[in-house]
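Asks: Take a look at this one; I'll ask things after.
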Amino acid sequence: MRLEDAERVMRNLSEAFRGRYPSGYRQVGVNLGLHLTGGEPFLNPDLLLDLVRMADRLGMPSLFVETNCFWAATDESARESLNQLKEAGLHGILISVNPFILEYVPFERTLRAIRAAREIFQANLMIYQEGFLHQIERLGVRGTIRFEDYLRTAGASSMYYAELLPMGRACYELRHLFPRHPAEDFFCMSCRAELTRPWHIHVDNYCNYMTGYCGGISLGDARRMDEICSGIELDDKPILARLVSDRGIELLYRFAVEEYGYRELRKGYISKCHLCVDIRKHIVEQTDEFVELKPEGFYRNLKAEDAVS
Ligand code: SF4
């Protein structure tokens, strides 16, 4: 994302926040203010600093960054990175802790970042999910551990409190953790509530406005957020139009079967979002005509699955 685009998005956001937060609001919360997230924002620390400075200049409330802590290689460098961000105007930090991150990020780095963040951001440190932090500490994990080994060691019940949304890539990578259902079990559902919710929205690197967690569905260009928020035209967004209708999932399914030869997955689906994303992936592989199916890279990086005849 270019800085001038980020600034247009942030200006829109600061307008939307006006009057909703007291001036100088610094308390952090997962559904408050502005968070910089990913992917992993620390992969581009210079861009992260620039964005924090920009957000600070625009008076963004509850400004925090989410991270997996891969960067916390030493105590000194961890403190230095966080101090720099705090000086640039960052209010707080959310540290992600779960067995999926533990596959790639040594636990020592997570603990190091937590220590540094506690010192620098104090009460404005959030650990998500704290239950996993204690669970991993109890298991005495050092370094990284494969998810399958974690499950074997900690048992399936260790995932009981995981806030694991069966959406996006998780539908393919973690489908073995969920029961499956035939497509028709989801036909009565609509996504109107999810696609029109006015809170916890995301903007991706390409300026796509995404409600909640519906990866790969763009409501439009977030540089023109005021236009999106005043109502969007559905005539040129037939996928979106179907999803917000009554029985939207059935409408999408029938459209994909009739127009694009979609075939139901033999083993079924773990959620309505699994069915939805599998259909969208199938369509994107054949055409780029749907402006609401963005970014294209999201679909390219999903794993394929067998279909039934
Ligand atoms: S089914 Fe699709 S549109 Fe509906 S909530 Fe899931 S991902 Fe979003």
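The values are calculated or read from the model by the stated rules, or taken from the named source; none is laboratory data. Computed from a prediction, not measured in an experiment: that's the story for all the values here. Reconstructed Cβ throughout: ideal geometry from the backbone, glycine too, with neighbour counts over all protein chains shown. When the accessible area is computed, the model is the full protein with side chains, heavy atoms only, and any ligands, DNA or RNA have been set aside. Shrake-Rupley method; radii C 1.70, N 1.55, O 1.52, S 1.80 Å.
Asks: Of all residues in segment 147-184, which are within 22 Å of the chain's Cα centre (by Cα), in a loop (DSSP other than H, G, I, E, B) and not acidic (Asp, Glu)?
Replies: Those that are within 22 Å of the chain's Cα centre (by Cα), in a loop (DSSP other than H, G, I, E, B) and not acidic (Asp, Glu): Tyr160, Tyr161, Ala162, Leu164, Leu165, Pro166, Met167, Gly168, Arg169, Leu174, Phe178.
Asks: A follow-up question, please. If I filter segment 1-20 down to residues being over 16 Å from Tyr206 (Cβ atoms) and of a type outside the set (A, V, I, L, M, F, W, C), which single residue comes out as surrounded by the fewest Cβ atoms within 10 Å (Cβ to Cβ)?
Replies: Here the residue is Gly19.
Asks: Moving on. Which condition breaks for Glu137 when tested against (1) closer than 24 Å to Gly29 by Cβ; (2) assigned to a helix (DSSP H, G or I); (3) touching a helix residue (DSSP H, G or I) at 6+ places or on another chain (Cβ under 9 Å)?
Replies: The failed condition is (1).
Asks: For segment 88-107, indicate whether the set of residues that are at pLDDT 95 or above, farther than 26 Å from Arg142 by Cα and more than 22 Å from the chain's Cα centre (by Cα) is non-empty.
Replies: Yes, some residue in segment 88-107 is at pLDDT 95 or above, farther than 26 Å from Arg142 by Cα and more than 22 Å from the chain's Cα centre (by Cα).
Asks: Find all pairs meeting these conditions: Cβ atoms under 6 angstrom apart; at least six residues apart or on different chains; first residue within segment 175-199 and in contact (Cβ under 8 Å) with a residue 24 or more places away in the chain and closer than 12 Å to Ser271 by Cα; second residue part of a loop (DSSP other than H, G, I, E, B) and more than 13 Å from the ligand (Cβ to nearest atom).
Replies: Correct list of pairs: Arg180/Lys267; Arg180/Gly268; His181/Gly268; Pro182/Gly268; Ala183/Glu264.
Asks: Can you find even one residue in segment 232-251 that is touching a residue at least 60 places away in the same chain (Cβ under 8 Å), closer than 24 Å to Arg8 by Cβ and within 16 Å of the ligand (Cβ to nearest atom)?
Replies: no
Asks: Write out, first by first residue and then by second, each pair whose Cβ atoms fall under 8 Å of each other, whose residues are 6+ apart or on separate chains, and whose first residue, in segment 135-149, is open to solvent by 80 Å² or more (accessible area, probe 1.4 Å) while the second is in a helix (DSSP H, G or I).
Replies: Between residues of segment 135-149 that are open to solvent by 80 Å² or more (accessible area, probe 1.4 Å) and residues that are in a helix (DSSP H, G or I), the close pairs are Arg142/Phe107; Arg142/Glu108; Arg146/Glu103.
Asks: Quick one: how many residues across segment 197-213 are closer than 17 Å to Cys276 by Cα, open to solvent by 20 Å² or more (accessible area, probe 1.4 Å) and either modelled with pLDDT of 95 or more or not in a loop (DSSP other than H, G, I, E, B) (or both)?
Replies: Going through segment 197-213 one residue at a time, the tally reaches 1.
Asks: State all residues of segment 21-35 that are crowded, with 17+ Cβ neighbours inside 10 Å and either small (Gly, Ala, Ser) or not assigned by TED's automatic domain parsing to the domain that holds Gly92 (or both); if no residue qualifies, say none.
Replies: Hit for segment 21-35 is Gly33, nothing else.
Asks: Still on this structure, I have one more. What number of residues within segment 61-97 are part of a helix (DSSP H, G or I) and open to solvent by less than 20 Å² (accessible area, probe 1.4 Å)?
Replies: Residues in segment 61-97 being part of a helix (DSSP H, G or I) and open to solvent by less than 20 Å² (accessible area, probe 1.4 Å): 4 in total.
Asks: Would you mind listing the helices (runs of 4 or more DSSP H) fully within segment 216-263 where at least 1 residues are basic (Lys, Arg) and open to solvent by 40 Å² or more (accessible area, probe 1.4 Å)?
Replies: Helices (runs of 4 or more DSSP H) meeting the threshold: 238-243, 248-260.
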